[in-house]
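Taken together, the values in this text are just the output of simple stated rules run on the coordinates, not laboratory data. Please read all numbers here as calculations on a predicted model, not as lab measurements. Every residue, glycine as well, gets a Cβ built from its backbone with ideal geometry; the counts of neighbours run over all protein chains shown.
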Amino acid sequence: MPEVQDLESLLEAAARAHDRSRFGEALGLYRAAEKQCRREPGAALSCRLGKAHCLRLIGRFRQALRAYGAAAGLALALEDAPALADALVGQGMALRAVGQIEEALQRFEAAAQLYTELGDEPGRGYVLWAQGGALRVRGRLDQALTMYREALGVFEAQGVAEGAAYALCGLGGVSRLQGHFAESFDYYTEANARLGRRRDTFGRAYSFCGIANAHRMLEHFAEAHRFYAKAQALYHQIGDRVSYAYTLWGEGTAWKVEGRPTPARELFRRAAALFRATADTRGQVYTTLAQGELLLLKGRTAGADRLFQLALASARKNRYLYETVHAQYLLALGREARGETVSYTPVRQAYAAIGAELPQRLGLPVNLP
């Protein structure tokens, strides 16, 4: 950490570190600044909000929620509407990460109203992007696409390159879930081109991971591994444990589809540990399903069924619609492996109901989008 003493220098250094995706460093600087700003409410609000953002971005969601709550309370007391809007969006994103999607959407709606009243167009684009992410997790894919397209329009009108790139990444993610893999690749590639060599390390990692996932779905496995490595290096550099865990799951899935269960198992194990540590319930569903599928591939149908049922229960509890449908698909594959006659029509209809498709291969192993 730079040796800075006065409050203004600490806050400036923290903001620079945050802008360069050095979230751990920024967190330490905000905490140091907090000790000096007890009698300066405006500076205290900046510290609380900055600290909350950093905690969220390194996967400490419960701590982030407490910090956002403190920031929101101070913003209300100071009648600082822009800071309150930012705190509400941050709260929503942390709530989404721990599976509280409806609460997240409520925070986003409140923030959107504030940004609109303030005439803050980049802020409005940011909350549209955040809403798109929550709707995607909820399984409302068509609505998520609408939000991401609106966000892209706002960011492009305002000339916000990073925001436009993030919106393109969002479009890439939904397109992949809908089975449009080449389109997904194009969105992520365009996002990466717009980010170029900018200091937004998180954004570049976000686009690299999306490109890797698109390559995986297109069965370009060598390229997928190359881009997973790029994303993992950047996520590790900035300390983002959750996004890093999703890259481990994605690359593990690539190894699984390639018929390499040993590296797949290790990556799933590491991802699962990180998802447990950060309380990311959706990630836990993904790794539980993945580990169950490896058992099914070995013919251990009883163990696989147990894991699929656990994942299904969690997906239903948290209302992760896509993951619910996928768990049902794997349970059907397990029944078929036991010699039962299975109709995939209900599962196909369930995928269609959320605007998605059955995985491109009907059978094992599954290349999950």
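Determine the shape class of the range 1-97: with a ≥ b ≥ c the square roots of the Cα gyration tensor eigenvalues, call it rounded for a/c under 1.5, and otherwise prolate if a/b is greater than b/c, oblate otherwise. If you can, show how the numbers build up before the last one.
Details: a/c = 2.05, a/b = 1.18, b/c = 1.74.
The shape class here is oblate.
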#### Entry: Positive dipole terminus of the chain, leading residue within L321, S343, H180 (C-beta point charges)
S343
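Relative contact order, percent, of the range 136-289 when contacts are C-alpha pairs under 8 Å separated by at least 6 residues? Kindly include the intermediate steps, with their values, before the conclusion.
Working: 197 pairs, mean separation 21.3, N = 154.
Here the relative contact order equals 14 percent.
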### Query
When a footprinting reagent is the concern and you count Cβ atoms within 10 Å, what order do H236, H18, H326, H215 take, fewest first?
H236, H18, H215, H326
### Message
Only four residue types carry charge here, +1 at the Cβ of Lys and Arg and -1 at the Cβ of Asp and Glu. Report the dipole size of the chain about the Cα centre in Debye, rounded to the nearest 20.
### Response
1440
### Message
With +1 on the Cβ of every Lys and Arg and -1 on the Cβ of every Asp and Glu, and nothing else charged, how large is the dipole of the range 1-97 about its Cα centre, in debye rounded to the nearest 20?
### Response
560
### Linear extension gain, R20 paired with R270, 0.36 nm per residue minus alpha-carbon span
87.3 nm
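Please report the relative contact order for the chain, taking Cα pairs under 8 Å with a sequence separation of at least 6, and give it as a percent rounded to a whole number. Don't skip to the answer; put the middle values down first.
On the way: 592 pairs, mean separation 44.6, N = 369.
Computed value for the chain: 12 percent relative contact order.
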### Taking I354, I211 and counting other C-beta atoms within 10 Å, the order from fewest to most
I354, I211
### Message
Only Cα pairs within less than 10 Å get springs; with that Gaussian network setup on the chain, which residue of T345, T253, T281 has the largest fluctuation?
### Response
T345
#### Entry: Which of G50, L65, L11, positive extreme of dipole for the range 1-97 (C-beta unit charges)
L65
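Classify the range 200-271 as rounded, prolate or oblate from the Cα gyration tensor: take a ≥ b ≥ c as the square roots of its eigenvalues, call it rounded if a/c is under 1.5, otherwise prolate when a/b beats b/c and oblate if not. Don't jump to the answer; show the numbers that get you there.
Details: a/c = 2.64, a/b = 1.36, b/c = 1.94.
Here the range 200-271 falls in the oblate category.
Neighbouring Cβ atoms within 10 Å as the yardstick, rank D19, D305, D186 fewest first.
On the way: D19 13, D305 19, D186 16.
Lowest to highest Cβ neighbour count: D19, D186, D305.
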### Message
So if I take the centroid of the Cα atoms in the range 241-296 and the same for the range 326-369, what is the distance between those two points in Å?
### Response
19
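Find the all-direction average of the projected area of the Cα convex hull for the chain, expressing the result in square nanometres with one decimal place. All intermediate terms of the calculation are to be shown ahead of the outcome.
Details: hull surface 70.3 nm².
If you wrap the Cα atoms of the chain in a convex hull and average its projections, you get 17.6 nm².
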### Query
How many angstrom separate the Cα center of the range 39-87 from the Cα center of the range 166-232?
31
### Query
In a GNM of the chain with a 10 Å cut-off on Cα contacts, which of P359, P346, P263 has the highest mean-square fluctuation?
P346
### Query
Can you give me the relative contact order of the range 261-369 as a percent, contacts being Cα pairs under 8 Å and 6 or more apart?
19
### Message
I want to verify a result. In a Gaussian network model of the chain, Cα cutoff 10 Å, which of these has the top mean-square fluctuation: L307, L330, L76?
### Response
L76
